[in-house]
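Structure first, commentary second.
The values are calculated or read from the model by the stated rules, or taken from the named source; none is laboratory data. Quantities reported herein were computed from a predicted structural model and do not represent experimental measurements. Cβ atoms come from the backbone with ideal geometry, glycine included; neighbour counts cover every protein chain shown.
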Amino acid sequence: MSRLENYVLKAYNKPIRECSDAELYRVLLDLVKDLGDGLPKHTTKKKLYYFSAEFLIGKLLSNNLLNLGIYDEVNNELIANGKSLLDIEEAENEPSLGNGGLGRLAACFMDSITTLGINGDGIGLNYHFGLFQQVFKHNNQLAVPDPWITEESWLNRNERRYQVKFKDYTFTSTLYDIDVFGYHHDKRNRLRLFDLESVTGDIIEEGTIHFDKSNIEENLTLFLYPDDSDHAGNLLRIYQQYFMVSNGAQLIIDEALDRGSNLRDLADYAVIQINDTHPALVIPEMVRLLTERGLSFDESVEIVRNMTAFTNHTILSEALEKWPMSDLDEVIPEIAKIIRRLDEKMKAEFPGNHAVAIIDGHGRAHMAHMAIHYGFSINGVARLHSDILKDTELRHFYDIYPDKFNNKTNGITFRRWIMDANPELADTLDSLISPEWRDTADLKPLLEYKDDKAVITKLRAVKFNNKLRLKKHLKTSQGVDINEHSIIDIQIKRIHEYKRQQMLALYIIHKYFDIKNGNVPKTPITILFGGKAANAYTIARDIIHMILTLSQIIDNDPEVSPHLKVVFVENYNVTHAQYLIPAADISEQISLASKEASGTGNMKFMLNGALTLCTMDGANVEIAERVGQENIYTFGRDSQDIVNLYATNGYNAPDYYYRDRIKPLVDFILSPGMLYLGDEERLRRLHHDISTKDYFMALIDLEEFIDVKEKMYADYEDHDNWSRRTLINIANAGYFSSDRTINDYNRDIWHLEQEHQDIKE
Ligand code: GPU
C-alpha cells in the first residue's frame, strides 16, 4: 500500500477515489508535516534571522511536494484515482501575510536559503485578516478582510511564549511556525510568526476593515499595514513592529544561549537581516535586552552593530519610516530612550552632520538612518537602485561608511515561478537541455536552439496552452472571457502612480480611438491589469476606477471589443500570478525611471518567455543588459534625467498635457461615456491630477510609449522571430534565480555555512 493510501485509510477509512478534495487536502497536509518532522535539524553554530513585516508565500501544498521531491509520485497516484492536485489545492486558502514585491521576495528568499542549506528562519507576524481582499463594486475597489486562517493549516503551534512590554500593557505572545522545505535538500527552516491570543477578530463587523485601532489587545495582529492615516493607526503600527522585533530578539537570544553563546559573542551565533525599515526597532530592542542581561550600553551596541544588516527597498520618501519621538514615547518609552542615546552617540561621532542624524529637527526618528549607523551592511536591491542610494539618496552615509554599502540584485525562486507555475515549459526545458537547470538555474544551453524551428514552434505551443489555462482560470474565478488567440499584455503589481498604470490606460484610450478610426490590429489584444491600491491612497483608487470604467466602455462597443479587451483581475495575488505570468506575451515594466527599486515580476515574466516593455529602471537595466537591445523594448527618460528634473523642479505637466497627441487621451477621462458609466468625482479628480500635477510624470514618456507599443504589436506578427526572442529571454533568466541572490548575500554579508554551492552565475 502506498504512503498516501495509508494516510487516507487511517483518516477516513476509505480509498482515495472516494475522498473529497477537501479530505485529500487534509491528508496531504498531514503527510507533508510528518515528512517535515522527520527531517534532520540544522546544527551549525551561526544562524540567520530574516526579519520581515511580510512573507507573501502563496499556497504551499504543491510547492512543498515539489521541494520534498514527491510531487510526481503524489500527482500520478492522484490522477490514477481520478483526482487532480490542482483541484485539491483549491481547498487551500492563500496565506494573506504580504502585500507586494517586498513580501514575495522574502518568500523566495526563504525557499532559496533552505535550498542552499543555510540555517535561517524568517521572523514575522501572523496577521489574522492579512492585507485585505479586493472586491470590485460599481467599478470601485472595496477592501474587505481576508480571513485566511482555517482550522487545519500549515501553521504549527509552538509552545514558546514571550513577554512583550509596552507603556500601557504587557502581553504574552504565542508563536506559530510554518515549515520551509528546500529543493533537493533535507534540512528544513521555519517561518516564525508571532501572535497574541487575545486577538480574535470577534469585534469586527462582517465585511469591514473598520475596527477600533486603540483596542490593542484585541486587534494587534489583525491586519497587515492597518490604515495609518490617523494617530491611532500610527501607534498601532508601532505596536505591531515592536511586538514583532521584541519577540524575534528574545528568540534569537534564547536559541543562541542554547547553542552555547555567552551573549558577548552573540554576533558569532546570529546574524539579522532587516527587510526594509519595518523591523528596524530590533536594534534598540536587542540593545535593551543585552543591557538588561548585564552588558554595558557601549558593549551591547557594538554586538548589535556586528550582527545586523539592512536592506533598503525604495527611494520614495513617504515609504522611508520616520516615527515621531512623541509617538514612540507613548508606546515604548524605554525604546525611545535607547534611540535617544543611539542618536547622541552618533552625533558625538559626526558633530554637525545633520544629514545623517537619527532624530531630525522635527523630533522624528529615521529608521533607515538608525539601521545604517548601527548595522554593518546596507544594500539596495538592483544595481541601479544601489547606485542611486550611494550617489543621491544616502550619499551622506556613503561618504562616512563607504564599506557598508553593497548591491544585491533581487531574484525569484525557480521552484514556484517555473516548475510549479509553468510545468509544461519546465518539462520542455528538461527534454531540451536536461533537468540539471532545476538545480543550477543555468538555462544558457537553451541558446543552442534559438534557430531551431521545431523548438521555436514548441515554445509557442506551450505559450498557447498557458493562455488556454489562463482563460479557464479567469472564467471560473471572475466570469471573464478572454480570447486565447490574442496577444496577452500584462501589468500586475501594486497600484501606484510611480508604476504608471495610468500611462498604460492612456495608451488604451489611444488604441480605442485608433480602432474606431478603422485601424484594426491584425491580432486581437488583451491587456490585463492586476493589483491592489492602499485603501487610503485616493488617486490610486481613482486609477482603478478609471481602468474599470474604460474596460466597460470597450466591452460595450461592438466596433472595438472584437479587437481589444481590458481586464482588471480582481484581488490579484500569488495564485492569480501563477496563471497570468506563464500566459503573457508582453511584460509591462513602465515605472518612472529611478522609482522602482528593482521589480521582481519583470524577472518572472522573462523566465516564462514574455518580452519586456520597460523603462530603464530597477532590474530592467540588468535584464536589458543580459538579453541585448534586440530582445527587449525600452523607452522613456532615464533615471539621471528624472533625478535632475526633481532636483530642479523642471517638470511641468501642462507642457505635455496640451500636446496634440496627448490632450485628447487625457480628456477622454471626462468624456460623456466615461462620466455616464463612472463616478464623476473620481474621474474629475484624476483628470485634474494628471493634467496639472502628474507628480510621477506619466505624460513625459507617453508619446514614446505609444510608439514603442505599436512597434511591439507589429513585431508580434512575425511569430517565429518573436518566439525566437522569447527563447533568448528564457535562456538568460538564470542570473535572476534567488539562489544566486542568496548565495551573494551569504558570501558578502552573512558568512554562514552553506551546504549547497551549485550556483552558476
Ligand atoms: N517594495 Br519599501 C515593496 O513591495 N514594499 C515596500 O514597502 C517597499 C518596497 C518593493 C519595491 O517597490 C520593488 O521595486 C522591489 O522589487 C521589491 O520591494 C523587492 O525588493
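A few points about this structure:
- Residue satisfying all of: in the range 471-486; of a type in the set (Val, Ile, Thr) and not in a helix (DSSP H, G or I); surrounded by the most Cβ atoms within 10 Å (Cβ to Cβ) among these: Ile482
- Asp87 surrounded by fewer than 20 Cβ atoms within 10 Å (Cβ to Cβ), away from the ligand (no atom under 16 Å from the Cβ) and touching a residue at least 40 places away in the same chain (Cβ under 8 Å): yes
- Take the conditions (1) within 19 Å of Gln133 (Cβ to Cβ); (2) in contact with a strand residue (DSSP E or B) (Cβ under 9 Å, 6 or more places away or on another chain); (3) at pLDDT 95 or above; Gly207 misses just one of them, which is (3).
To keep it simple, each residue is scored yes or no on (1) surrounded by 16 or more Cβ atoms within 10 Å (Cβ to Cβ); (2) under 19 Å from Ile508 (Cα atoms); (3) not β-branched (Val, Ile, Thr).
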site	(1), (2), (3)
Thr648	no, no, no
Pro654	no, no, yes
Tyr657	yes, yes, yes
Arg661	no, yes, yes
Gly673	no, yes, yes
Glu680	no, no, yes
Leu683	yes, yes, yes
Thr692	no, no, no
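- Within the range 487-524, being out of contact with any helix residue (DSSP H, G or I) (no Cβ under 7 Å at 6 or more places or on another chain), outside any helix (DSSP H, G or I) and buried (at least 20 other Cβ atoms within 10 Å of the Cβ) holds for Asp489, Arg500.
Every residue, every condition in (1) in a loop (DSSP other than H, G, I, E, B); (2) buried (at least 17 other Cβ atoms within 10 Å of the Cβ); (3) outside the structural domain of Leu31 (by TED's automatic domain parsing); (4) within 28 Å of the chain's Cα centre (by Cα), yes or no:
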residue	(1), (2), (3), (4)
Arg161	yes, no, yes, no
Val164	no, yes, yes, no
Gly201	yes, no, yes, yes
His210	yes, no, yes, yes
Lys213	yes, yes, yes, yes
Ile238	no, yes, yes, yes
Phe243	no, yes, yes, yes
Leu251	no, yes, yes, yes
Leu263	yes, yes, yes, no
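- The condition of being away from the ligand (no atom under 16 Å from the Cβ), free of Cβ contacts under 8 Å to residues at least 60 places away in the same chain and more than 27 Å from Thr741 (Cβ to Cβ) holds for Asp265.
- Filter result for Leu222 (assigned to a loop (DSSP other than H, G, I, E, B) and either surrounded by 20 or more Cβ atoms within 10 Å (Cβ to Cβ) or touching a Phe, Trp or Tyr at 6+ places or on another chain (Cβ under 9 Å) (or both)): yes
- Here Glu18, Glu77, Glu54 are screened, and the one residue that is among the acidic types (Asp, Glu) and without any contact (Cβ under 8 Å) to a residue 24 or more places away in the chain is Glu18.
- Meets criteria (farther than 30 Å from Lys45 by Cα, out of contact with any strand residue (DSSP E or B) (no Cβ under 9 Å at 6 or more places or on another chain), at pLDDT below 95 and not assigned by TED's automatic domain parsing to the domain that holds Trp154) for Leu86: yes
- Options Ile303, Ile338, Ile358: the member that is within 30 Å of Tyr537 (Cβ to Cβ) and of a type outside the set (Phe, Trp, Tyr): Ile358
- Restricting the range 543-591 to residues that are within 16 Å of the ligand (Cβ to nearest atom) and assigned to a loop (DSSP other than H, G, I, E, B), the residue that is nearest to Asn422 (Cα to Cα): Asn573
- Residues of the range 592-616 that turn out to be touching a strand residue (DSSP E or B) at 6+ places or on another chain (Cβ under 6 Å), of a type in the set (A, V, I, L, M, F, W, C) and within 11 Å of the ligand (Cβ to nearest atom), as a count: 1
- When Thr150 is tested against (1) of a type in the set (S, T, N, Q); (2) assigned to a loop (DSSP other than H, G, I, E, B); (3) within 28 Å of Ile252 (Cα to Cα), only condition (3) is not met.
- Identity of the residue in the range 291-316, within 16 Å of the ligand (Cβ to nearest atom) and among the hydroxyl-bearing types (Ser, Thr, Tyr), that ends up farthest from Lys337 (Cα to Cα): Thr314
- In the range 389-406, the residues that are within 15 Å of the ligand (Cβ to nearest atom) and within 21 Å of Ala357 (Cβ to Cβ): Leu389, Glu393, Leu394
- Condition met for Gly207 (small (Gly, Ala, Ser) and on the phi > 0 side of the Ramachandran plot): yes
- Candidate set from the range 134-147 (those that are outside any loop (DSSP other than H, G, I, E, B) and in contact (Cβ under 8 Å) with a residue 60 or more places away in the chain); member that is surrounded by the fewest Cβ atoms within 10 Å (Cβ to Cβ): Val135
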